[in-house]
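The numbers here are math on the coordinates, done by the rules we state, and not lab data. As the structure is a prediction and not an experimental result, all values here were calculated from the model. Don't worry about glycine lacking a Cβ; one is built from the backbone with ideal geometry, like all the others, and counts go over all protein chains shown.
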Amino acid sequence: MDSRIYWVGFNLVKGIGAVRLQALLDFFGDIEIAWHAPYHAFCESGLSSKICDRIIQIREQVDLEKYYQKIISQGIKVIIREDIEYPRLLKEIQQSPPVLFIRGEIKLEDEFSVAIVGTRKVTHYGRQVTEDLANALAKHNLTVVSGLARGVDGIAHKTCLESGGRTLAVLGSGVDRIYPAEHRGLAEEIAQNGAVISDYAPGTPPDSINFPPRNRIISGLSRAIVVIEAGESSGALITSTFAAEQGRDVYAVPGNINAPQSKGTNKLIQQGAKPLLDIREILEDLKVELVQEHKSLRKAHPVDLFEQKILDILSDQPIHVDEITQLSDMPVSVVSANLTLMELKGLVRQVGGMKYIAIHEKREEYQT
């Protein structure tokens, strides 16, 4: 049986998030063994009696295999954190979601991404900035990430699609429960030219408590985040907080000091966010000229067996070229030549002293 079934099962249990699921994996050593464990074993693993009760209840009430097959039959993909397809940027954050439900497809090129977020009550000024930014990002092959909400989010998604770009929408509900309802058509377009994503199980209705946590995924999928307009209590500010904690660059568009929609963005700038005064600034900061070079190199020179060997060895910890040569059992000349090409392709980085780290995990798309 596909182990994803058990990941989905634990995802249905309220109170089982990234931390507790990892604790279960550490305790039981296997997701299937954990799912079928007796009540007392769950308690011994450190879970509260309330959560232990919920696990048993879900096991008794849900035909997990039938439920999983229903999800797949609806065209919804299930990606777990251990999968090679799991987004690398998202995996880097603390407490990355164990399970993602996806309509559409997350591609390797979506690692070059910028989140655009802001108020639902967008002004004419905010709309214009959002359209200009989303269009520029799309034209420069950068994926736009947002939350499918009314206002700035919806405008960003729509403009990106109209400009021929890719966009990812992260929901605070199941991917089959589009909110707001008027964005159902937009969600379908996004699924054809990007992905609609959620860590909430299909069937989960939109709820106000779901939206703040999903904002960590919006920022986690992105290299930078731009807040266009935001009131002092806007959810976009929560996203910017997550972004800062995740080490992402945060930009804010300055606005009229008397406009409610600019109170939050102006305050972000006061607190250290970079004011976005010219769209070209973020394009320069992200070195967009390298994006197409990386994509062209990957397409022209997909990962071969030699490079795959090196990727299997490298991690985020620096390894000297001599050690790579020894572990790969390849001549140093072959290792050096491959490392040079892999650095150009954006797969590895030399960090000094002939030591290398991986900056892109091995992915199936490299091999296509």
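What the table shows:
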item: Inter-part distance where the range 68-139 and the range 202-242 are each reduced to a Cα centre, Å; result: 12
item: FRET efficiency, Gln57 to Gln317 (Cβ-Cβ, R0 41 Å, nearest 0.05); result: 0.45
item: Fewest-first sequence of Cys43, Cys52 by Cβ atoms within 10 Å of each Cβ; result: Cys43, Cys52
item: Largest to smallest principal axis extent of the C-alpha atoms in the range 89-201, angstrom; result: 39, 30, 27
item: Efficiency of FRET between Asp278 and Lys355 - r from beta-carbon atoms, R0 30 angstrom, step 0.05; result: 0.20
item: Chain lengthening between Arg150 and Ala181 when straightened (0.36 nm per residue, less Cα-Cα); result: 10.1 nm
item: Whichever lysines have a C-alpha closer than 20 Å to that of Lys345, once near sequence neighbours (fewer than 8 apart) are set aside; result: Lys107, Lys287, Lys295, Lys299, Lys309, Lys355, Lys362
item: Sorted by Cβ density within 10 Å, fewest first, the residues Ile357, Ile324; result: Ile357, Ile324
item: Efficiency of FRET from Cβ geometry, Glu162 and Lys70, R₀ 41 Å, rounded to 0.05; result: 0.75
item: Dipole of the chain [Lys/Arg +1, Asp/Glu -1 at C-beta], most positive-end residue of Ala149, Ser3, Thr325; result: Ala149
item: Given charges at beta-carbon only (K, R positive; D, E negative), |dipole| of the chain in Debye; result: 1020
item: Most fluctuating residue given options Val334, Val129, Val99, as computed from a GNM of the chain linking Cα atoms under 10 Å; result: Val334
item: Kirkwood hydrodynamic radius over Cα pairs of the chain, then Stokes diffusion coefficient at 20 °C and 1.002 mPa s, in µm²/s; result: 97
item: Structure-based [θ]222 nm, the chain - -39500 (n - 2.57) summed over DSSP H runs of at least 4, per residue, nearest 500; result: -14000 deg cm²/dmol
item: Two-decimal log10 I(q)/I(0) for the range 104-288, as the Debye equation yields it once each C-alpha is a single scatterer, q = 0.12, 0.19, 0.20 Å⁻¹; result: -0.47, -1.28, -1.43
item: Positive-end extreme of charge dipole, the chain - chosen from Tyr67, Thr130, Asn338 (charges on Cβ); result: Thr130
item: For the chain, built as a Gaussian network whose Cα springs stay under 10 Å, the top-fluctuating residue of Gly126, Gly29, Gly154; result: Gly29
